[in-house]
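Please read through the structure below; I'll follow up with questions.
Since every read-out is calculated from the coordinates, none of them should be taken as a lab result. Since the structure is predicted, the reported quantities are computational estimates derived from the model, not experimental observations. Every residue, glycine as well, gets a Cβ built from its backbone with ideal geometry; the counts of neighbours run over all protein chains shown.
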Amino acid sequence: MGTSAGLVDLRSDTVTRPTPAMRRAMAEAEVGDDQYGEDPTVVALEEAFAERVGKEAALFVPSGVMGNQVALRSLTRPGAVVIAGRQQHIVAFEHGGAARNAGVQFHILDDSEGTISPAEVAWVRETADHHWPQPGLVCVENTHMPSGGRVWSLGLLQELASSARPLPVHMDGARLFNAEVASGVPASTWAGAATTVMCCLSKGLCAPVGSMLAGPADVMSVAREERACLGGAMRQAGVIAAAGLVALRTMVDRLGEDHERARRLAEAVADRWPDSGCEPARVDTNIVVFRHPEPERVLQHLEGEGVLAGTIAPGVVRLVTHHDVDDEGVDRAMKALASVP
Ligand SMILES: Cc1ncc(COP(=O)(O)O)c(C=O)c1O
């Protein structure tokens with residue numbers, strides 16, 4: 001239904017636990033010292049991911065944040081301006097890491113619908129001709145978590161990539177495979193609009209640890225050094241990469257179930273609070289966000305009914321579906337939502 005404690009845990013898809021197949025693969029993983037390039041399981045995961053997203057090379061990193069930070073350090077110089085959406089993870093949820101780890105500053109654009117405007121990016125790109133600091137990179141997020149897991153339109157993303165040129169584009173694709181399943185557009189096509197792409201194995205795909213960064217071979221060889229600089233180079237990491245391989249090979253197709261369940265939750269939210277900004281038809285993937293003037297009261301009531309939810313901004317509640325929440329769990333959450341006083 002939900003967690004081991006019998007709760008329906010909708011706080012995040014990061015709460016998913018490794019599947020029995022992952023645990024078996026981890027126990028049996030062939031390993032070596034990855035800093036010497038000698039861990040065959042890590043090498044296999046990096047090759048499989050690079051191929052899956054159509055990039056020359058990939059790098060296994062401990063977390064999505066590290067993947068984003070390594071991308072910033074690999075694609076920019078200190079002082080550069082990074083153009084990104086105001087609510088994107090790399091801007092709002094990485095504890096100021098961009099400034100501390102890469103010495104960059106953001107030029108933030110509106111991303112309330114999940115996307116940033118190609119015309120605005122083109123405008124910022126031109127500001128350097130008018131005494132503004134030099135832009136060095138554009139970042140996008142697909143799916144875009146704070147807008148409720150929205151998927152970009154491929155046409156708009158391609159337009160954005162052209163208006164960014166010659167700047168590189170980094171895609172935070174923490175949930176890239178949710179975008180693939182929801183849109184029917186292959187991950188490699190999405191990634192084709194970006195220079196580098198980061199993707200988490202530890203969210204809806206259920207691996208216990210790890211994310212991937214992929215891109216051109218020369219950028220990824222810089223990224224390997226930057227990962228080491230941040231303390232993210234690992235040793236016998238094949239133990240966790242083995243779970244990542246199972247995640248990549250077997251856990252993508254089922255993500256559609258999470259999307260259907262999120263839609264049902266969104267219907268319960270929209271029924272209970274028609275003015276909360278929650279529109280079920282616009283729930284593309286596994287995330288439901290809605291406004292409420294007293295989120296703590298909602299969370300407390302839900303918890304009393306055995307349902308865990310969270311907030312992502314003042315007055316904004318988030319529910320996330322995933323592998324460890326089944327139909328019964330969603331039914332229970334829907335009832336709990338309907339009974340919030
Ligand atoms: C869009 C997005 N990017 C990056 C991350 C960071 O991933 P991690 O928690 O593995 O560092 C998250 C985590 O929730 C996320 O939602």
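Summing -39500 (n - 2.57) over the DSSP H runs of n ≥ 4 in the chain and dividing by its residue number, what mean residue ellipticity at 222 nm do you reach, to the nearest 500 deg cm²/dmol?
The per-residue figure over the chain is -12500 deg cm²/dmol.
While we're looking at this one, here's another question. What fraction of the Cα pairs in region 1-89, stated in percent, has a spacing above 14 angstrom?
79 percent
May I pose another question? Report the percentage of all Cα-Cα pairs in region 1-156 whose separation exceeds 19 Å, rounded to a whole percent.
Within region 1-156, distances greater than 19 Å cover 67 percent of Cα pairs.
Shape call for the chain from the C-alpha gyration tensor, a ≥ b ≥ c root eigenvalues: rounded (a/c under 1.5), prolate (a/b greater than b/c) or oblate?
Oblate, since a/c reaches 1.5 and b/c is not below a/b.
Treat each spin label as a single point 7 Å out from the Cα along the C-beta direction, and report the residue 218 to residue 21 distance in nm.
Each label point lies 7 Å from its Cα, and together they span 3.9 nm.
When every alpha-carbon pair in region 193-291 is counted, what percent end up more than 21 Å apart?
Tail of P(r) above 21 Å: 54 percent of Cα pairs.
Label points 7 Å out from Cα along the Cβ direction at residue 43 and residue 110: separation in nm?
5.1 nm
With the Cα gyration tensor of region 280-341 giving a ≥ b ≥ c as the square roots of its eigenvalues, does the rule (a/c under 1.5 for rounded; else a/b larger than b/c for prolate; else oblate) give rounded, prolate or oblate?
oblate
Sticking with this structure for a sec: To make sure I understand, if each residue's beta carbon is the centre and we count other beta carbons within 10 Å, what order do 311, 19 fall in, fewest to most?
Ascending Cβ contact count within 10 Å gives the list 311, 19.
Antiparallel DSSP bridges in region 20-250: what percent, to the nearest 5? Write out the running numbers ahead of the final one.
Values: 10 of 25 bridges.
Approximately 40 percent, going by the DSSP bridge assignments.
Oh, and also: Using Cα-only point scatterers and the Debye equation, what is log10 of I(q)/I(0) for region 164-230 at each q in 0.17, 0.19, 0.25 Å⁻¹, rounded to two decimals?
Per q value, in the given order, log10 I(q)/I(0) is -0.67, -0.81, -1.15.
What FRET efficiency comes out for the pair residue 158/residue 303, r = Cβ-Cβ distance, R0 = 41 Å, nearest 0.05?
Efficiency for this residue pair is about 0.40.
So, in nm, how far is label residue 33 from label residue 131 when the simple model puts each one 7 Å beyond its Cα toward the Cβ?
5.5 nm
Hey, another quick one. Where does each of 12, 202 land when they are ranked from fewest to most other beta-carbon atoms within 10 angstrom?
Details: 12 19, 202 23.
In order of increasing Cβ crowding within 10 Å: 12, 202.
If we count other beta carbons within 10 Å of each Cβ, what is the order of 301, 130, 89, fewest first? Let's see the in-between values first.
Working: 301 16, 130 6, 89 20.
With the fewest neighbours first, 301, 130, 89 line up as 130, 301, 89.
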